[in-house]
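Below you'll find the structure, written out as structure tokens, and then a few comments.
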Amino acid sequence: MVKEIKNINKNLNEGTKIKAPIVEALKAAYDNPTYQFHIPGHTKGRAVLKDFKKLIGEKALSVDTTDEFDNLGTLHPATGPIKEAQELAAEAFGAKKTFFLLNGSTAGNLAIAMALTKKGQKVIVNRNCHRSILTGLIISGAEPIWVCPNRIEDWSIWGNIEANQIEKLLESNNDISMVWITNPTYEGVVSDIKSISKVCKKYGVPLIVDEAHGCLWNFNKHLPETALKLGADAVVHSLHKTGGSMSQTSMLHISKDSCLDEIAVEKTLKLLHTTSPSLMLLGSLDAARANLQSKGGQKLLDRMVANAKYLRNRLDNISNLHQIKADFGYKTDVTKVFIKIDGLSGKRLESILEIDFGIEVESASDIGVLILCNLGNKRSDFKYLADALEKIASNHYHDVYYLEKRKHMPMLEPQIKMSLRDAFYADKERVSKEDAIGRISAEVIAECPPGISILLPGELITEEHLPYLNDYDTLEVVKSE
Ligand SMILES: Cc1ncc(COP(=O)(O)O)c(C=O)c1O
């Protein structure tokens, strides 16, 4: 067991020679201030609300700048420290090319769809994909061919995708242009990407893996293997989710032996991105990568895995608490701990944790709650959490009835009546939820987290959808003639 680590990260690069070019360029700009007659107009924080400045700190505002000034480089095209930082990231993640993303992995998925798929092309996509993939397909006009992963019924969640499911679809559709798989699931269930990639290669079809929740995998041997090493052509990583960068920052990697048109991807990213990228956000991606490679970062990763194991061991000893483990025929990411307590819905457990113990978890469903064991969590956090769960499990908390009528993880097989794009751009009308039954949806309904679709444009609305739609009074449907 790794001992508690004191002052990890006191200094990002302390004791290491890990380069972080954007961080260094920002520091140089900070140390050599100029008279500033350019955006952003708050001019190093001089013109912001005092309370806001107090809250986030003067220094943060001083380095809030975009990519046109102070030798910081540009994002599109990548130049200077930004180019160098992207190259270092590619090396660290084992990619041929890495693009830094603002607007999260959403931007990466949109770019892949828009750059690499065309109207009418078929793309195999898992039904539990994130809505950004669907948005991309609506824009490009490509059609999803759904693959429904295995179901983990007791937990009401989707499980792994099997290579033979992909092979069957490739066999029966000889015009598939791409396979696009999400791995791991939000709850940490891992698919056999190596076998899926073999199948894709056999049929000569590129494989894209949305690894938004797996950006740490290349940095610790106790975590699953990254798709970049298992034969995927491109991979997206939400560094901001678990990798330690600031919110909305992600990376898109093109793998070393991929033949994907990376210039098309780059051009599309330029169209999608803001023309004023935040250097602070880009710097945080650079810092996160450097941190993961540094000695301090490696210790954090070891601590994270040890903490996850500690938590799981503690939870194993609570008789009416259950956790998803890697012993049901699929692998899992040990750091994502999905639990349930007998007699309590996940939503109720979430609110007890929050109100009675001041604990916030990643998410809750009607069944359970998802706990992320993060790089930044200390052993004492896990002790407190495990103690709280012991108390809750033995204290006969009661469930709240109204929560029980809700369902959270959509696990329905879609009945497709129209193409995704045609339905999205069709003439629409808004009708009451009840009147929408039997009509064709014209909108994407995918609540976050985890952003998995309940209904998509072109799908038949049925009574089965209602338990997922408690927050909706009306729905947008394709206008009847
Ligand atoms: C599997 C998956 N892909 C992509 C995304 C989008 O990521 P981001 O929030 O970085 O845009 C998410 C977000 O939850 C996700 O769960």
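The values are calculated or read from the model by the stated rules, or taken from the named source; none is laboratory data. If you're wondering where the values come from, they're calculated on a predicted model, not measured in any experiment. Quick reminder, even Gly has a Cβ in these numbers, built from the backbone with ideal geometry, and neighbours come from all protein chains shown.
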Can you go through Gly283, Gly231, Gly244 and tell me which one is modelled with pLDDT of 95 or more and more than 25 Å from His130 (Cβ to Cβ)? Gly283
Applying the selection to region 418-477, what residues are surrounded by fewer than 18 Cβ atoms within 10 Å (Cβ to Cβ) and within 16 Å of the ligand (Cβ to nearest atom)? Glu447, Cys448, Pro449
For Lys256, all conditions in the list (1) more than 13 Å from the ligand (Cβ to nearest atom); (2) buried (at least 22 other Cβ atoms within 10 Å of the Cβ); (3) of a type outside the set (S, T, N, Q) hold save one; what is the number of the exception? (2)
Selected residue [buried (at least 24 other Cβ atoms within 10 Å of the Cβ) and out of contact with any helix residue (DSSP H, G or I) (no Cβ under 6 Å at 6 or more places or on another chain)] from Gly214, Gly204: Gly214
Qualifying positions in region 138-157 - charged (D, E, K, R) and either crowded, with 22+ Cβ neighbours inside 10 Å or touching a helix residue (DSSP H, G or I) at 6+ places or on another chain (Cβ under 7 Å) (or both): Glu143
How many of the residues making up region 96-111 are under 17 Å from Ser238 (Cα atoms) and either surrounded by fewer than 24 Cβ atoms within 10 Å (Cβ to Cβ) or within 11 Å of the ligand (Cβ to nearest atom) (or both)? 11
For region 76-97, name all the residues that are assigned to a loop (DSSP other than H, G, I, E, B) and under 22 Å from the mean Cα position of the chain (by Cα). Gly94
Across region 287-319, the tally of residues that are within 24 Å of the chain's Cα centre (by Cα), farther than 25 Å from Leu389 by Cα and small (Gly, Ala, Ser) stands at 5
Could you grab me the full set of residues in region 77-91 that are surrounded by fewer than 18 Cβ atoms within 10 Å (Cβ to Cβ) and either out of contact with any Gly (no Cβ under 9 Å at 6 or more places or on another chain) or not polar (S, T, N, Q) (or both)? Pro77, Gly80, Lys83, Glu87, Glu91
Gly214 away from the ligand (no atom under 14 Å from the Cβ) and either in the same structural domain as Phe93 (by TED's automatic domain parsing) or not in a loop (DSSP other than H, G, I, E, B) (or both): no
Search result, residues across region 333-348 that are modelled with pLDDT under 95 and either assigned to a helix (DSSP H, G or I) or buried (at least 21 other Cβ atoms within 10 Å of the Cβ) (or both): Leu344, Ser345, Gly346, Lys347, Arg348
